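Contents: one structure, followed by commentary.
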Amino acid sequence: MKNTQRLSLGALLLAVMLVLGYLESLIPLTGMPGVKPGLSNCVLMFSLEWLGGMSFGLMAGKVLLSGLLFGSPFSMLYALAGGLCSLGFMMALRKIPGISFFGLGMAGGAAHNLAQVLLAMLLLQTPSLLSYLA
């Protein structure tokens, strides 16, 4: 794929991620604070397959733009921690034969949650937040 095609596909995927992120913010969910279905992360998984390492730039763009449009500096910090951990974990796991696309997504989601809870524990100095992982 040519560089222009990769850039165009990346921009299109980023736009889709932002729209899905906005739609997620409209869904009222009960339970733990900040829990979302992760629809835009499904698009990020496709970008991982199609664009490889360029997905880190897309994730960073999504975090920045979503934070500026719909969130706060703290939401951007948590999203960045979760996104980096999740994407790095999925990039490493996709090299292992036999791991399905769905298994990759579940592992990425677990890594995302783990990173966010660990960051919250660090920032808030509250070890009891570990119970959110149970």
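The values are calculated or read from the model by the stated rules, or taken from the named source; none is laboratory data. All values derive from a computational prediction rather than experimental measurement. Every residue, glycine as well, gets a Cβ built from its backbone with ideal geometry; the counts of neighbours run over all protein chains shown. Remember, those area values only see protein heavy atoms, side chains included, never the ligands or the DNA or RNA. Shrake-Rupley method; radii C 1.70, N 1.55, O 1.52, S 1.80 Å.
Just to be sure before I move on: is Leu65 among the hydrophobic types (A, V, I, L, M, F, W, C) and either within 22 Å of Tyr132 (Cβ to Cβ) or surrounded by fewer than 19 Cβ atoms within 10 Å (Cβ to Cβ) (or both) in the structure I sent? Yes, satisfied.
Please specify each residue of segment 112-131 satisfying the condition of being exposed (fewer than 15 other Cβ atoms within 10 Å of the Cβ) and either part of a helix (DSSP H, G or I) or of a type in the set (Phe, Trp, Tyr) (or both).
Leu122, Leu123, Leu124, Pro127, Ser128, Leu130, Ser131
Within the option set Gly82, Gly103, Gly109, being open to solvent by less than 70 Å² (accessible area, probe 1.4 Å) and touching a residue at least 40 places away in the same chain (Cβ under 8 Å) holds for one residue only, Gly109. Can you name the residue in segment 59-74 that is in contact (Cβ under 8 Å) with a residue 12 or more places away in the chain and more than 10 Å from the chain's Cα centre (by Cα) and is also nearest to Leu26 (Cα to Cα) among such residues? Here the answer is Phe70. Scanning segment 9-43 for residues that are modelled with pLDDT of 90 or more, under 14 Å from Ser55 (Cα atoms) and open to solvent by less than 70 Å² (accessible area, probe 1.4 Å) yields Leu9, Gly10, Ala11, Leu13, Leu14, Ala15, Val16, Met17, Val43.
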